[in-house]
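The values are calculated or read from the model by the stated rules, or taken from the named source; none is laboratory data. Given the structure is predicted, the values throughout are model-derived calculations rather than measurements. Heads up, the Cβs are rebuilt from the backbone with ideal geometry, glycines too, and the neighbour counts pull from every protein chain shown. Side chains included, ligands, DNA and RNA excluded: accessible areas come from the protein's heavy atoms. Shrake-Rupley method; radii C 1.70, N 1.55, O 1.52, S 1.80 Å.
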Amino acid sequence: VLIGDDGSAEDIALHACRLDVEQVYVLSRSGFGNCVYMGQWPSFLEEGEVESRVEVLKALPYRVVNNGTALLCNEFHYNQETERYDILDYEPPELLEEIDTVIFCTGYFPSMEFLSENLQFQRLDIDDMTWALPSDFKMRKNPLTEELGQVEPSSRLDISGNLIPGLYRTLKISNPRLMFLMDLNYQYSLLSLDVGAWLCLAYITGEAPIPSKTEMESDLREQMIEEMHIPHLRWCMDMNYFDAMDRLGETHWSDNCADPRSIEMDTLYCAYYARTLARDMREAKYPIDMGTYEKLNETGMKMVQINLHDIYARHDLEKFEEDYEWRTFRDVDPTPFCSFHTGQKSTPLPGKW
């Protein structure tokens, strides 16, 4: 049983399949991680039916039973009044039996105890932190506008998951001589860490000016307002928009990655992360130029396309039903993944992953 549904759970589940584990359960609280969007997992044939080695459930365990060998699991719902997750009692529980291993794939909290408290970044529970939009905010037109219209924003918006309260890019706002290097750009993790290191150096050497506290806070607020124009990012901050998208249902075109409107929304999402990376590259005098925060250049758009191919590699697995025994997203056709420096295409794996 893997508790959590994103990258770590996905990777461990696939390795478990390679090691011939009989059954893997992935438990998802939100139902929106990488594992949920996997088009197909390695499977086997039983009595003429294809059975997946990995089952993803939107549920969490709440009780250990059968002398410690089984778990009772159920779906949880976020209660906005109590601000906590409650079990959906009207849903029958899932009983997972003959469990011999449980692995938590729930992410990490940074350990900062070696720093004085005044040097640690804000330790408040981010769920308790909210903000509000200007009263005249109007979301830019996107493929969902025709159906959803102008959804009234929640009066209390969650802080963007792309920011850490108390930090401005790499700088601690209250003491910008202290810098933290963190991976917040989930779409371009390793590259963003390298750019972050260059940005720290630029601040230290004076090649990049350190803004005032007021400028930092204003810039961060403007960044969150920009995210509110991008459906997949607003969905994470605005409960009203979340509910509006949720009411569209699982058969809506927005859940079909091949639909041109869905591709347009995914492109907006990936381009946003590329834009923030391009902005930091310019400020850090990084040797690669992807354009600006306002407009990506050709290199930046190539990066967006690589990111889209990466996302769709999971969805597209459902097209290969005949390869159910072995095909994973790592066995995808590598030719769309090209160096944006040389055009060199990725080398395929020497065999099945």
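Rolling a 1.4 Å probe across all protein chains gives ARG275 an accessible area of roughly 40 Å².
Considering only beta bridges that DSSP places wholly inside the chain, some 75 percent are antiparallel.
If you take every DSSP beta bridge fully contained in the stretch 1-122, what fraction is antiparallel? Give it as a percent rounded to 5. Within the stretch 1-122, antiparallel bridges account for around 65 percent of the total. With the helix formula -39500 (n - 2.57) applied to DSSP H stretches of n ≥ 4, the chain reaches a computed 222 nm mean residue ellipticity of -9500 deg cm²/dmol. As a length-normalised measure over Cα pairs under 8 Å and 6 or more apart, the relative contact order of the chain settles at 14 percent. Note on HIS229 and ILE99: the extension gain reaches 42.4 nm, defined as 0.36 nm multiplied by sequence separation minus the Cα-Cα distance.
When Rg and Dmax are taken over the Cα atoms of the chain, they come to 22.2, 69 Å. In the structure shown, the pairs LYS285/LYS352; LYS285/LYS345; LYS295/LYS345 are assessed against 29 Å; a Cα-Cα span above that value is assigned to LYS285/LYS352. Shown for the chain are the DSSP H helices of 27 Å or more along their axis, judged by Cα atoms, with a mean Kyte-Doolittle hydropathy of at least -1.0: 260-284. Scattering from the stretch 263-353 was approximated by placing one identical point on each alpha carbon and applying the Debye formula without solvent; log10 I(q)/I(0) at 0.11, 0.18, 0.21 1/Å stands at -0.40, -0.86, -1.01. Shape call for the stretch 1-156 from the C-alpha gyration tensor, a ≥ b ≥ c root eigenvalues: rounded (a/c under 1.5), prolate (a/b greater than b/c) or oblate? Prolate, since a/c reaches 1.5 and a/b exceeds b/c. Counting only Cβ charges, +1 for Lys and Arg and -1 for Asp and Glu, the dipole size of the stretch 135-193 around its Cα centre is about 380 debye.
Across all directions, the average projected area of the convex hull around the alpha carbons of the stretch 168-311 is 9.4 nm². Mind running the shape call on the stretch 204-254? Use the C-alpha gyration tensor, a ≥ b ≥ c as the square roots of the eigenvalues: rounded below 1.5 for a/c, prolate if a/b tops b/c, oblate otherwise. Cα axes put the stretch 204-254 in the prolate bin.
Classification of the stretch 86-208 by its C-alpha gyration tensor yields an oblate form. The axis ratio a/c (a ≥ b ≥ c) is 1.5 or more, and b/c is at least a/b. Can you compute the FRET efficiency between ASP310 and MET182 using 1/(1 + (r/R0)^6), with r the Cβ-Cβ distance and R0 = 35 Å? Round to the nearest 0.05. Given R0 = 35 Å and the Cβ-Cβ separation, E is 0.95. Per the 1.4 Å probe, what fraction of the accessible area of the chain, in percent, lies on carbon and sulfur atoms? Carbon and sulfur atoms account for 50 percent of the accessible area of the chain. Accessible surface calculations at 1.4 Å, restricted to protein heavy atoms, place the stretch 260-353 at 55 Å² per residue.
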